[in-house]
Amino acid sequence: MITILLLLIVIGSTYALFSRDLLHSTIALSMTSVVSALIFYLLHAPDVAITEAAVGAGLSTVIFIWIIKHTKRSDP
Amino acid sequence: MTKLMGIVSLLLLSAVLGPIIITEHPWSQNARDFLLHNGYRDTGASNLVSAIYLGYRAYDTIGETIVLLAAVTGAVFLIKGFGSSHQAPVPSYKRGAIRTNIISMTTGKLAPVVMLFGWYVMFFGHQSPGGGFQGGVVLASGMLFIALGREHHKRDSQLTKKRLHRIEVLSLWLILLLVCIPLTLGAAILENPLTKIGDSIPRVIYIIGFNMAIGLKVGSGLSILGLLMMDMQHDD
């Protein structure tokens, strides 16, 4: 179970690293945060899971999308 | 050159971290056993994570709060427009039709639930998972939900940016007061002061006060940051 989730994290972060579209990579990063929050919950650390879900998937995604809106969307 | 440096640092990292991951050597359990036996009695918090970061390690938590204050201050300095909450409203055709009725309805209905959950996480951080930081972040996202669903000129409420800023400063003072209270009762700084009084008052009150102050501070700081970013204008 945890191995599958870790594989998902690797896939998501690799996609975020190599994608040319910054919006797509932001969504992939957000998915990575959600999956790691799930892993934290499965490993009996609900405090860290709450923090990861609120900060990683919520706030940082909002800030990234806001910045993309104010700059260019594609990575040259 | 950069590639070589990257490969070398990967090799060094695996040389340092590899043995820790691969090894079967059992970890030392002194700290865990100590916290398991003494944590609840010393601080009164049944959530041991809160017992550590507001009881044994409260000094680090204060530093963390000050880091957040510095970050918010820097962002406020960089983003113009703080203090002038009554700017000229931007015409809606310029901002693009990103606010629809669906968004405003959904955020308006969802925000109270989110904020209630934030208060719960904040106040019950000593029992259930959570605490000041997490509750503050959830509270701020509830505030930003409300702000997201409204037009720019309708966004002004009783809780303007200046008042949020005032709440932040007051909660910082509350934190400093909580830091100094133990000194007046003859305890060491940041030691739980209720240990000096006796068992008549539950010790967990100190932890709840810290959670509340930190949560208010984080929530108001992040709300200011989000509101500033939403009102940010294009320079070009």
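Where a number appears in this text, it was derived from the coordinates with a stated rule and is not lab data. Source: prediction; values computed, not measured.
Per residue, the convex hull spanned by the Cα atoms of the protein assembly as shown measures out at 193 cubic angstrom.
With helices as the sole contributors, chain B gives -22000 deg cm²/dmol at 222 nm; each DSSP H run of n ≥ 4 counts as -39500 (n - 2.57), and the sum is divided by every residue.
Could you tell me what % of all Cα pairs in region A:2-70 have separations over 14 Å? List each step's numbers first, then the result.
Numbers: 1371 of 2346 pairs.
Everything past 14 Å amounts to 58 percent.
Restricting to Cα pairs below 8 Å that are 6+ residues apart, what does the relative contact order work out to for chain B? Please round to a whole percent. Averaging sequence separation for qualifying contacts and normalising by length gives 25 percent for chain B. Distance from the C-alpha centroid of region B:39-53 to that of region B:181-213: 13 Å, rounded to the whole angstrom.
Against chain A, whose longest principal axis is taken from its Cα atoms, helix A:22-42 shows a tilt of about 10°.
Against the 2.2 N^0.38 Å scaling, with N counting residues, where does chain B land? I'd like the Cα-based Rg ratio to two decimal places. Intermediate values should be presented prior to the final figure.
Values: Rg = 22.8 Å, N = 236, 2.2 N^0.38 = 17.5 Å.
That ratio works out to 1.30.
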